[in-house]
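The block underneath contains the structure these notes are about, expressed in structure tokens.
The values are calculated or read from the model by the stated rules, or taken from the named source; none is laboratory data. All values derive from a computational prediction rather than experimental measurement. Using ideal geometry, Cβ is built from the backbone for each residue, glycine included, and neighbour counts are taken over all protein chains shown. Keep in mind that these areas ignore ligands, DNA and RNA; they rest on the heavy atoms of the full protein, side chains included. Shrake-Rupley method; radii C 1.70, N 1.55, O 1.52, S 1.80 Å.
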Amino acid sequence: MWKFVALASLAATAAGASAQPAPQVAISPLGPNSALLSITAEGRSRRTPDLAIFNAGVVTQGTNASQAMAENGRRMDRVVAALRRAGIADRDIQTSSISLQPRYFDPEREAQMRARQMREPYIPPPPQEAPRIIGYEARNSVQVRVRRLGEMGRIIDTLIEQGANQVDGPSFTLDEPAAALDQARTEAVATGIQRAELYARAAGMRVARIVSISEGGGYYPVSQVMYTSGERGGPAYAPPPPPTPIAPGELSLGMAVSMQFELVR
């Protein structure tokens, strides 16, 4: 029994030395000639993304709240209309945030900034000069799902031309990840069985049966390209530039399982 524990510890140490995640291995006795082996394993599958998600929005300012919201609404209507003309279905356009905030003039902050910029001594404003509202800022953003990834750069450029001045993303994923996750599950279980047999042989035992399998949850790092831009347009863009380049890359989907085996001599 002690021989097995020593071998498991050695395997974990070697995995750490090679910069690979060390598998979690534990063993507990069940009887004079049997033991319970607990082990974790991972499986992965790789796929090309078929769905991109990004946020597009409009930020406007006005001297009063109504003016800021009205201008924002007019520009946002053009953005949503442009998405529909590009073939984006209504189910793939969802409002993600709307906000209206006052803009303040802060005499204290302005005095500090002036002193730093001009490299002059700081002169505090009169104590009676309190911060005051000088206008309002409105924001409206939609989350967009694009299924034709080759058209994404052109869609983003069109939205900016139509008034969007805030674009974040995209992140890439799979529309239907179930099959890829099932492949990762199969690989994880196979890896767990292979490791159990390896440890059993090293300890002079054999695997009698699988006692339990529990799933630790699927995951896949979302391939992400950050893109933030302001407006484009005017003579500098005649003739129009090529579409914004977008590279979807590859997704690696993972699944972790915890397995228990009965080992016997």
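Give me the accessible area per residue for region 24-77, probe 1.4 Å, as a whole number in Å².
Roughly 48 Å² per residue, with all protein chains present.
What residue among Val167, Gln143, Ile133 has its Cα farthest toward the positive end of the dipole of region 112-194, where the charges are +1 on Lys, Arg and -1 on Asp, Glu, each on the Cβ?
With unit charges placed on the Cβ atoms, the residue in question is Ile133.
With a/c under 1.5 counting as rounded, go ahead and sort region 61-201 into rounded, prolate or oblate using the C-alpha gyration tensor (a ≥ b ≥ c being the square roots of the eigenvalues; past the cut-off, prolate if a/b is larger than b/c, else oblate).
Judged from the Cα gyration tensor, region 61-201 comes out oblate (a/c at least 1.5, b/c at or above a/b).
For Ala203, enumerate residues with amide H under 5 Å from its amide H, sequence gap 5+ or separate chain, H modeled in the peptide plane.
Residues meeting the amide H criterion: none.
Using amide H atoms built in the peptide plane, which far-off residues or other-chain residues are under 5 Å from Ala208 H to H?
Glu262, Leu263, Val264
Among 36-44, 96-104, what's the highest-first ranking by average C-beta atoms within 10 angstrom per residue?
In descending order of packing, they fall as 36-44, 96-104.
Which of the peptides 157-167, 64-74 is most tightly packed, and how do the rest follow, going by the mean number of other Cβ atoms within 10 Å of each residue?
With the highest mean Cβ count within 10 Å placed first, the list reads 157-167, 64-74.
Calculate the FRET efficiency for Ser38 and Arg78 from the Cβ-Cβ distance with a Förster distance of 41 Å, rounded to the nearest 0.05.
Once rounded, the FRET efficiency stands at 0.10.
With label points built 7 Å along Cα→Cβ from the Cα atoms of Glu137 and Arg46, find their separation and express it in nm.
4.2
Taking only the alpha-carbon atoms of region 129-200, what semi-axes of the equivalent ellipsoid follow from 5 times the gyration tensor eigenvalues under a square root, in whole Å, largest first?
That gives 49, 22, 9 Å for the three semi-axes.
Please give me the summed charge of the neighbours of Asn72: other residues whose Cβ is under 12 Å from its Cβ, Lys and Arg +1, Asp and Glu -1.
+1
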